[in-house]
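**Q** First, the structure itself, so that you have it in front of you.
The values are calculated or read from the model by the stated rules, or taken from the named source; none is laboratory data. Note that the coordinates shown come from a computational prediction; the quantities given were computed from them, not determined experimentally. Here the Cβ positions follow ideal geometry from the backbone for every residue, glycine too, while neighbour counts run over all protein chains shown.
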Amino acid sequence: MSDISLTVNGKRVGGVTEDRTLLVHFLRENLGLTGTHVGCDTSQCGACVVHVDGKAVKSCTMLAVQASGSTIATIEGLADGAELHPVQAAFKEHHGLQCGFCTPGMIMTATDMINRHPEGLEEATVRAELEGNICRCTGYHNIVKAILAASETMAKGAAKGKARQAA
Ligand code: FES
Ligand code: FES
């Protein structure tokens with residue numbers, strides 16, 4: 001057993017956990033953050049993607065003890081109160097989900113992807129970078145559309161911010 005401490009969605013949390021506990025199970029079972037899904041447990045589907053220190057990580061590939069000291073963001077921490085994050089809003093607007101099972105992982109992967117490409121994204125890049133996320137409803141077309149739209153919105157927002165700073 002190990003005593004771990006981490007920051008999740010801006011809050012310091014901790015707990016005693018078995019050394020073999022996966023991060024995804026710690027998030028879901030110890031912290032009750034069930035928005036992070038388990039689709040395969042074998043690092044294939046991407047339903048469990050969260051951000052660890054700002055990078056998208058499949059939380060079924062990491063032990064909770066390995067995440068001790070890290071800053072984690074899950075789907076529950078993305079919206080700003082009642083205001084959806086631009087990626088969530090784009091998935092809603094462009095029908096980027098059907099059953100919704102893959103959606104938290106898709107959105108966390110997409111957010112990281114957009115953050116790494118602030119200049120904007122090409123469709124081919126989105127499709128290549130989504131390789132690790134599987135949608136069992138096969139709604140990829142609208143997922144890609146949603147990510148491209150969110151990327152555009154966020155790039156425009158960043159440009160406006162810069163213009164305001166320069167003024
Ligand atoms: S549950 Fe982690 S990749 Fe499928
Ligand atoms: S929306 Fe059903 S698995 Fe992707």
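**Q** Among the candidates Val50, Val24, Val13, Val57, single out the residue that is outside the structural domain of Met108 (by TED's automatic domain parsing), more than 11 Å from ligand 1 (Cβ to nearest atom), hydrophobic (A, V, I, L, M, F, W, C) and buried (at least 16 other Cβ atoms within 10 Å of the Cβ).
**A** Result of the check over Val50, Val24, Val13, Val57: Val13.
**Q** On to the next question. Do you know which of the residues in the stretch 116-146 that are away from ligand 1 (no atom under 16 Å from the Cβ) and in contact (Cβ under 8 Å) with a residue 40 or more places away in the chain is nearest to Cys40 (Cα to Cα)?
**A** Gly139
**Q** Within the bounds of the stretch 73-84, is there any residue that is touching a Ser or Thr at 6+ places or on another chain (Cβ under 6 Å) and either away from ligand 1 (no atom under 14 Å from the Cβ) or of a type in the set (Lys, Arg) (or both)?
**A** No: the stretch 73-84 contains no residue that is touching a Ser or Thr at 6+ places or on another chain (Cβ under 6 Å) and either away from ligand 1 (no atom under 14 Å from the Cβ) or of a type in the set (Lys, Arg) (or both).
**Q** Looking only at the stretch 122-141, count how many residues are over 13 Å from Ala110 (Cα atoms) and in a helix (DSSP H, G or I).
**A** Qualifying residue count, the stretch 122-141: 2.
**Q** Let me ask something else. Report whether or not Cys102 is within 15 Å of ligand 1 (Cβ to nearest atom) and outside the structural domain of Thr153 (by TED's automatic domain parsing).
**A** no
**Q** If you take just the strands (runs of 3 or more DSSP E) that sit entirely in the stretch 1-104, which of them hold at least 2 residues that are farther than 25 Å from His141 by Cα and out of contact with any Gly (no Cβ under 6 Å at 6 or more places or on another chain)?
**A** Result: 2-8, 11-17, 71-73.
**Q** For the stretch 91-115, give me the residue count where each residue is within 15 Å of ligand 2 (Cβ to nearest atom) and either among the basic types (Lys, Arg) or in contact (Cβ under 8 Å) with a residue 40 or more places away in the chain (or both). Explain how you work it out, then say what you get.
**A** As a first pass, look at the stretch 91-115 and keep what is within 15 Å of ligand 2 (Cβ to nearest atom): 91-92, 94-110.
Remaining after also requiring either among the basic types (Lys, Arg) or in contact (Cβ under 8 Å) with a residue 40 or more places away in the chain (or both): 91-92, 94-98, 101-102, 104-106, 108-110.
Number of matching residues: 15.
**Q** Return the only residue of Val65, Val87, Val50 being within 16 Å of ligand 2 (Cβ to nearest atom) and β-branched (Val, Ile, Thr).
**A** The conditions single out Val87.
**Q** Filter the stretch 1-21 down to residues that are touching a residue at least 60 places away in the same chain (Cβ under 8 Å) and over 16 Å from Leu63 (Cβ atoms), then give me how many there are.
**A** Adding up the residues that qualify gives 3.
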